[in-house]
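A.B. asks: Take a look at the following structure, please.
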Amino acid sequence: MRNTIAVMNTKGGVGKSTIVAALAETLSSEHGKNVLVIDSDAQASVSSMLMTVTDLFGLQRDGLTIVDYLVATVLRENQIEWADFVVRNVSDVDDARSVYLIPSDMQLTLFEREVSKESLHASLRNTIADVLRKVRPVFDIILIDCPPGLSVLTESWLREADFHLSPTKADYVSVCGLEVFRRFKSLNPEMGFAENLGVLVNMRDLASPVDTEYVNWLRSNPENRCFESSIPRVNALQDAARFQPQQRSYGAKYPGQVGQAIKTLSREVLVRLEAANRPLAAPPPPPPSPEPVRSEATSEAEAHPAG
């Protein structure tokens, strides 16, 4: 099943990591899905949203992050188990017990520098492809939190993942970020690229005519495949990004309007994944060839052949 989704926009500040965490917790809590979050952003934002800073620091200190896995497999060519880097029981939502995480570390930028210096791009991409191949059958959905910009690691995720989902704000610069991303996607098509799952408008001011104008502009382009749901700009979503040591209910973390918007988004994501994985209907068999029309002269000749 195709179920790996790279969450990406070349423009930063669009609330990408917040959406990844909220979507993972909603898919787990509301739909019972086993969700793996791969934090591929050196800022480790989504990692800090899903666990305490103390626990995250301990994993970074002990060499149990995506950076350590990639250093071992790409730079040192060691064979190690990806599952050893997966953290279970993350999230502070009491009924989101099926969210898993491969955390990140700020050392990720140094790793990418070494990949470029040693010309190990092919090895990196092969490693990413291998990881995704192994996690697909284990989890229902895999969300990859990519940093803004187009690094060698992000390109590997985008070329090997099944889909990409692009959060954006309803402003000119963020929309331009989508256009840069679209142009990048058109380069080297022979190398493959993730399929567009859709564009999500995040942090929308529902009372702003300007925001509405940008949303209509985005939706006017069918290539964007905009999600019907827009995530409103509310303080509750910013508060939800702060991990709490005491567990809370889904409704307490995502109350009211923002909770409804995230739930609608999660349903849309599932519907689109199901449609994308639905096998194409087999074409109907061709009609039987008609019998040749025989004239009386032909029949007579066949009945009394010459000779």
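A.B. asks: For the stretch 35-42, does any single residue satisfy the condition of being over 21 Å from Thr10 (Cα atoms) and surrounded by fewer than 15 Cβ atoms within 10 Å (Cβ to Cβ)?
C.D. replies: Step one: of the stretch 35-42, the residues over 21 Å from Thr10 (Cα atoms) are 35-36.
Checking which are surrounded by fewer than 15 Cβ atoms within 10 Å (Cβ to Cβ) leaves us with none.
For the stretch 35-42, residues over 21 Å from Thr10 (Cα atoms) and surrounded by fewer than 15 Cβ atoms within 10 Å (Cβ to Cβ): absent.
A.B. asks: Restricting to the stretch 215-230, name every residue that is free of Cβ contacts under 8 Å to residues at least 40 places away in the same chain, in a helix (DSSP H, G or I) and surrounded by 15 or more Cβ atoms within 10 Å (Cβ to Cβ).
C.D. replies: If the condition is that a residue be free of Cβ contacts under 8 Å to residues at least 40 places away in the same chain, in a helix (DSSP H, G or I) and surrounded by 15 or more Cβ atoms within 10 Å (Cβ to Cβ), then Arg219 is the only one that fits.
A.B. asks: Just give me the residues in the stretch 222-245 being modelled with pLDDT of 90 or more and polar (S, T, N, Q), in sequence order.
C.D. replies: Listed by number, the residues that qualify are Asn224, Ser230, Gln244.
A.B. asks: Output the number of residues of the stretch 217-259 satisfying the condition of being small (Gly, Ala, Ser), closer than 20 Å to Val173 by Cα and out of contact with any Leu (no Cβ under 8 Å at 6 or more places or on another chain).
C.D. replies: Residues that pass the stated criteria total 1.
A.B. asks: Across the stretch 150-172, what is the total count of residues that are farther than 16 Å from Ile66 by Cα, under 12 Å from the mean Cα position of the chain (by Cα) and not in a strand (DSSP E or B)?
C.D. replies: 5
A.B. asks: Please pick out the residue among Val180, Val215 that is modelled with pLDDT under 95, farther than 30 Å from Ile128 by Cβ and aliphatic (A, V, I, L, M). Don't jump to the end; show me each part of the working.
C.D. replies: On the way: Val180 fails: farther than 30 Å from Ile128 by Cβ.
Exactly one residue qualifies, and that residue is Val215.
A.B. asks: Out of the stretch 241-283, which residues are outside any helix (DSSP H, G or I), exposed (fewer than 11 other Cβ atoms within 10 Å of the Cβ) and among the hydrophobic types (A, V, I, L, M, F, W, C)?
C.D. replies: We begin by selecting, within the stretch 241-283, every residue outside any helix (DSSP H, G or I); these are 241-249, 254-255, 278-283.
Next, only the ones that are exposed (fewer than 11 other Cβ atoms within 10 Å of the Cβ) stay: 242, 245-246, 278-283.
If the condition is that a residue be outside any helix (DSSP H, G or I), exposed (fewer than 11 other Cβ atoms within 10 Å of the Cβ) and among the hydrophobic types (A, V, I, L, M, F, W, C), then Leu280, Ala281, Ala282 are the ones that fit.
A.B. asks: Within the stretch 204-214, identify whether any single residue is in contact (Cβ under 8 Å) with a residue 12 or more places away in the chain, among the basic types (Lys, Arg) and surrounded by 15 or more Cβ atoms within 10 Å (Cβ to Cβ), and answer yes or no.
C.D. replies: The answer is yes, given that some residue of the stretch 204-214 is in contact (Cβ under 8 Å) with a residue 12 or more places away in the chain, among the basic types (Lys, Arg) and surrounded by 15 or more Cβ atoms within 10 Å (Cβ to Cβ).
A.B. asks: For Gly32, are the conditions met, namely being at positive phi, out of contact with any His (no Cβ under 6 Å at 6 or more places or on another chain) and modelled with pLDDT under 95? Full working, then the answer.
C.D. replies: On the way: at positive phi: yes; out of contact with any His (no Cβ under 6 Å at 6 or more places or on another chain): yes; modelled with pLDDT under 95: no.
No.
A.B. asks: Given Val115, Val74, Val90, Val138, which one is out of contact with any Ser or Thr (no Cβ under 7 Å at 6 or more places or on another chain), among the hydrophobic types (A, V, I, L, M, F, W, C) and assigned to a helix (DSSP H, G or I)? Write out each step before concluding.
C.D. replies: On the way: Val74 fails: out of contact with any Ser or Thr (no Cβ under 7 Å at 6 or more places or on another chain); Val90 fails: assigned to a helix (DSSP H, G or I); Val138 fails: assigned to a helix (DSSP H, G or I).
Result: Val115 is the single residue among Val115, Val74, Val90, Val138 that is out of contact with any Ser or Thr (no Cβ under 7 Å at 6 or more places or on another chain), among the hydrophobic types (A, V, I, L, M, F, W, C) and assigned to a helix (DSSP H, G or I).
A.B. asks: Can you tell me which residue in the stretch 1-35 is nearest to Ser156 (Cα to Cα), limited to those that are of a type in the set (A, V, I, L, M, F, W, C), under 11 Å from the mean Cα position of the chain (by Cα) and assigned to a strand (DSSP E or B)?
C.D. replies: Ala6
A.B. asks: If I ask for residues that are charged (D, E, K, R) and not in a helix (DSSP H, G or I), which ones from the stretch 36-71 would you list? Break it down stepwise before answering.
C.D. replies: Going residue by residue through the stretch 36-71, those that are charged (D, E, K, R) are 39, 41, 55, 61-62, 68.
The answer is Asp39, Asp41, Asp62.
The values are calculated or read from the model by the stated rules, or taken from the named source; none is laboratory data. Remember, predicted model here, so these are calculated numbers, not experimental data. Quick reminder, even Gly has a Cβ in these numbers, built from the backbone with ideal geometry, and neighbours come from all protein chains shown.
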